[in-house]
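The next block holds one structure in the form of structure tokens; read it before the comments.
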Amino acid sequence: MQALQKQQGTWKWGLLCLMFLAPFFFLSYGFANHYTASLRHVPSIVFAWEKNIPLWPWTIIPYWSIDFFYGLSLLLCWNKFELRQHVLRLFTAQLLSICCFLLFPLKFSFERPELHGFFGVWFDILMGFDKPFNQAPSLHIVLLVILWDFYRRHIRSPFKWLVDFWSVLIGLSVLTTWQHHFIDIPTGLIVGAWCVWLYPLNIKAPYAKQNQQQRTIKHIKLGSYYILASILLAALASYLQSWALWLFYPALSLFLVGFAYVLVRPYFFQKQSDGKMSPATLILFFPYLLFAWLNSRIRTYKHPNDSEIIHIDQLTIYLGRIPSPDQIQLYNGIFDCCAELPVHTTKDYGQYLSLDLIPLQANQLEYAVEAFDHLLLNLNRSNTLHQKKILIFCALGYSRSTSILCAWLIKHKHAVNSKNALQIVRKGRPWVKLNESHIQQINLYQLKQMGLSP
């Protein structure tokens, strides 16, 4: 993986980046503070229960420590690519946060009592350049998300808990030093996750173009539904205020899903080569991921089990919905067609990820069948068992996985055409659903295999 390849002398470039980012940080942050202080009225968003949050002077130490970890991170990057992505994350985090501070200024509303001693000195230094503004999103939390991702990647597994522990202390400190109200934390988490998501290291970037599927009317239609739902939730949150502000979270999630459809980018979900999703994706898309998982369980409630489709020599192929960890243990390998839900597996794993409710086009089926064959080849090499079981799945096990399996059956002469392939599949799984668009694309795939398609 490119991000893990070490390159000598990267710290020198990191030092140059620090010489740019440090002044940019303090100048832009100070400008936003100065601007907001000049306004006649600056509102606050604070819940009544926040008055019970204690002031713990000692937490000024973890609060300040983020500055040290910020600078150090630029000197520890393994190579120029990782450094570039890290700098882009930090720069974007600063830029977005400052824009929010200027467009939606907020004020911290509690009066902190005068503090003395060692901890009081650090508070005095902080108050020397910081004012009770620059609230949502908490820039501390935004940077914490980025730095947490960085240091967890750079520290060895037995000690990752140290990164988690100190990150929790830093996150807690924004409240217990009375620097931020609660609303600043979730907004900071979202902005930080968005910066990490936008500039990934080992996954295709969301702004990268795709060339395997053409946009169709259905992409636009489904994307528009998600975006409309996002707008309605955001409007409701704005109107009701108070705890309804949480509706902005699913609104953002659905908005991103909508653009995944409109832009035809299943890699918006950043599903990795092991079936897991990036932490940034889990944060940004969590409301939708929860909905998608519940939908997969509710709609397959009557048919929860996987279906045996075909037995060929020493191989048995099953078709089903996205499996649980216990179900995965029943197989020697699994093939994943579902972009929008993560899986956790230690088995032989292959994938061709696509968006839900969108028929796979002929060239996509070609890529998918090739990936499926590659998984079967790896399974034969790595597994000495005489009998092998493999599961191909999507969210429901109804259409995407069925289309790919039908195309595979045709390619390897186990079926003569799409009708015959679908009969084979429905013999083991009668409730699968393929409409005319699915069948048309499978037929086009077969023509391409015969050399008859332009």
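The values are calculated or read from the model by the stated rules, or taken from the named source; none is laboratory data. From a predicted model like this one, the values you see are computed outputs, not experimental measurements. Note: ideal-geometry Cβ built from the backbone for every residue, glycine included; neighbour counts use all protein chains shown. SASA here: full protein model, heavy atoms, side chains in, ligands and nucleic acids out. Shrake-Rupley method; radii C 1.70, N 1.55, O 1.52, S 1.80 Å.
Data overview
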| quantity | calculated |
| --- | --- |
| Given (1) out of contact with any Gly (no Cβ under 8 Å at 6 or more places or on another chain); (2) part of a helix (DSSP H, G or I); (3) farther than 20 Å from GLN327 by Cα; (4) open to solvent by less than 40 Å² (accessible area, probe 1.4 Å), index of the condition ALA371 fails | (1) |
| Tally of residues being surrounded by 14 or more Cβ atoms within 10 Å (Cβ to Cβ), of a type in the set (A, V, I, L, M) and out of contact with any His (no Cβ under 7 Å at 6 or more places or on another chain) across region 232-264 | 12 |
| Which numbered condition THR36 misses (of (1) open to solvent by less than 50 Å² (accessible area, probe 1.4 Å); (2) out of contact with any Gly (no Cβ under 6 Å at 6 or more places or on another chain); (3) assigned to a helix (DSSP H, G or I); (4) under 30 Å from VAL163 (Cα atoms)) | (4) |
| Selection status of LEU409, assigned to a helix (DSSP H, G or I) and of a type outside the set (Val, Ile, Thr) | yes |
| Enumeration of residues in region 66-80 that are open to solvent by 20 Å² or more (accessible area, probe 1.4 Å), part of a helix (DSSP H, G or I) and either among the acidic types (Asp, Glu) or under 18 Å from TYR151 (Cβ atoms) (or both) | ASP67, PHE68, PHE69, TYR70, LEU72, LEU75, LEU76 |
| Residue within region 144-160 that is touching a Ser or Thr at 6+ places or on another chain (Cβ under 8 Å), at pLDDT 95 or above and surrounded by fewer than 21 Cβ atoms within 10 Å (Cβ to Cβ) present | yes |
| Residue in region 40-57 that is within 29 Å of HIS154 (Cβ to Cβ), open to solvent by less than 20 Å² (accessible area, probe 1.4 Å) and either in a helix (DSSP H, G or I) or touching a residue at least 40 places away in the same chain (Cβ under 8 Å) (or both) present | no |
| Complete set of residues in region 180-200 that are in a loop (DSSP other than H, G, I, E, B) and free of Cβ contacts under 8 Å to residues at least 60 places away in the same chain | none |
| Residue in region 100-109 that is under 15 Å from GLY188 (Cα atoms) and in a helix (DSSP H, G or I) present | yes |
| Any hit, region 389-403, residues being more than 25 Å from ASN295 (Cα to Cα) and free of Cβ contacts under 8 Å to residues at least 24 places away in the same chain | no |
| Set ILE203, ILE227: member being surrounded by 15 or more Cβ atoms within 10 Å (Cβ to Cβ), within 21 Å of the chain's Cα centre (by Cα) and not in a loop (DSSP other than H, G, I, E, B) | ILE227 |
| Unmet criterion (only one of (1) modelled with pLDDT of 95 or more; (2) open to solvent by less than 60 Å² (accessible area, probe 1.4 Å)) for LYS221 | (2) |
| Index of the failed condition, ASN380 passing every other in (1) at pLDDT below 95; (2) in a loop (DSSP other than H, G, I, E, B) | (2) |
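Here is a yes/no grid of residues against (1) buried (at least 18 other Cβ atoms within 10 Å of the Cβ); (2) more than 28 Å from LEU282 (Cα to Cα); (3) touching a Cys at 6+ places or on another chain (Cβ under 7 Å):
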residue: ALA339; (1), (2), (3): yes, no, no
residue: GLY350; (1), (2), (3): yes, no, no
residue: TYR367; (1), (2), (3): no, no, no
residue: LEU377; (1), (2), (3): no, yes, no
residue: ASN383; (1), (2), (3): no, yes, no
residue: LEU405; (1), (2), (3): yes, yes, no
residue: VAL416; (1), (2), (3): no, yes, no
residue: PRO430; (1), (2), (3): no, yes, no
residue: GLN441; (1), (2), (3): yes, yes, no
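Residue-by-condition table, conditions (1) over 20 Å from LEU76 (Cα atoms); (2) buried (at least 23 other Cβ atoms within 10 Å of the Cβ); (3) of a type outside the set (Ser, Thr, Tyr):
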| residue | (1), (2), (3) |
| --- | --- |
| LEU115 | yes, no, yes |
| ILE125 | yes, no, yes |
| ASP130 | yes, no, yes |
| VAL163 | no, no, yes |
| GLY171 | yes, no, yes |
| GLN179 | yes, yes, yes |
